[in-house]
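Q: Encoded as structure tokens, here's the structure I'll be asking about.
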Amino acid sequence: MSNILIIYSSKDGQTLKICQTLQTEIEMARHQVTLTALDEADAIDFSRFDKIVIGASIHYGHHDAGIHALIKRNQALLGSKPSAFFSFNIVARKPGKNTPETNPYLLKFLKKIAWKPKQLAVFAGKLDYPSYSAFDRWMIRFIMWLTKGPTNPDAVIEFTDWQQVQAFAQQVIKM
Ligand SMILES: Cc1cc2nc3c(=O)[nH]c(=O)nc-3n(C[C@H](O)[C@H](O)[C@H](O)COP(=O)(O)O)c2cc1C
């Protein structure tokens, strides 16, 4: 049985939902999971875990700066254990931008950090115009218009492929 730490950075709760699915899958395989938000991760002793998974969503082109800082602070420890990272963004809804090798946010992120996660994934996020502030709704609709995505202001669309999330859980179990 492995003891696995999952750390997430989430603004609207979708990355947390991904992590809860990972937790369920991993616990079904009889491993132990501790799920923690980025803000609370510093209170945790990473060295007591066998594996570490970090997941973060993209907002206006970036993962939370706190994710970069956390990785930097724990670089040596992360490098000493099997570890995984996933990025969660709307661009990943597009074929050709939906793998670790092709998603521009993940590629850019990996160039900025020294940590080399053993497993990588990219999941497509959720569009939820009614829940956004007027400014965010306008901005995201504009970006969607530029990239030929949905612009109906009432649209709520979850692009996430949950089978892909389940498959990633299996990769984490095996790593
Ligand atoms: C204000 C805002 C900005 C966003 N910016 C981007 C972006 O630049 N690129 C992208 O691919 N997705 C972007 N997204 C989509 C989010 O990554 C997606 O909604 C994801 O599901 C959010 O996950 P979270 O709820 O865990 O933060 C944005 C979403 C919002 C609300």
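Q: For residues in segment 34-65 being more than 15 Å from the ligand (Cβ to nearest atom) and among the polar types (S, T, N, Q), which is surrounded by the most Cβ atoms within 10 Å (Cβ to Cβ)?
A: By that ranking, first place goes to Thr34.
Q: Do you know which residues across segment 110-139 are open to solvent by less than 40 Å² (accessible area, probe 1.4 Å) and assigned to a helix (DSSP H, G or I)?
A: Tyr129
Q: Further, regarding this structure: Output the residues belonging to segment 140-169 that are touching a helix residue (DSSP H, G or I) at 6+ places or on another chain (Cβ under 7 Å), open to solvent by 60 Å² or more (accessible area, probe 1.4 Å) and closer than 30 Å to Gly79 by Cα.
A: Trp162, Gln166
Q: Next up: Cβ-Cβ under 6 Å, sequence separation 6+ or interchain: first residue in segment 3-27 and in contact (Cβ under 8 Å) with a residue 12 or more places away in the chain, partner outside any helix (DSSP H, G or I) and within 7 Å of the ligand (Cβ to nearest atom). Which pairs?
A: Filtered contacts from segment 3-27: Ser10/Ser57; Lys11/His59; Gln14/Gly125; Gln14/Lys126; Thr15/Ser57; Thr15/Phe88; Leu16/Ser10.
Q: One residue is enough: does segment 143-156 have a residue meeting the conditions without any contact (Cβ under 8 Å) to a residue 24 or more places away in the chain, outside any helix (DSSP H, G or I), under 19 Å from the mean Cα position of the chain (by Cα) and away from the ligand (no atom under 14 Å from the Cβ)?
A: No, that holds for no residue.
Q: Which residue is surrounded by the fewest Cβ atoms within 10 Å (Cβ to Cβ), if the candidates are limited to segment 2-17 and must be hydroxyl-bearing (Ser, Thr, Tyr) and within 7 Å of the ligand (Cβ to nearest atom)?
A: Per the stated criteria, the residue is Ser10.
The values are calculated or read from the model by the stated rules, or taken from the named source; none is laboratory data. Not measured: the values here are computed from a predicted model. With ideal geometry, Cβ positions are generated from the backbone for all residues, glycine too; neighbour counts draw on all protein chains shown. Please note that ligands, DNA and RNA were not included when accessible areas were found on the heavy atoms of the full protein model with its side chains. Shrake-Rupley method; radii C 1.70, N 1.55, O 1.52, S 1.80 Å.
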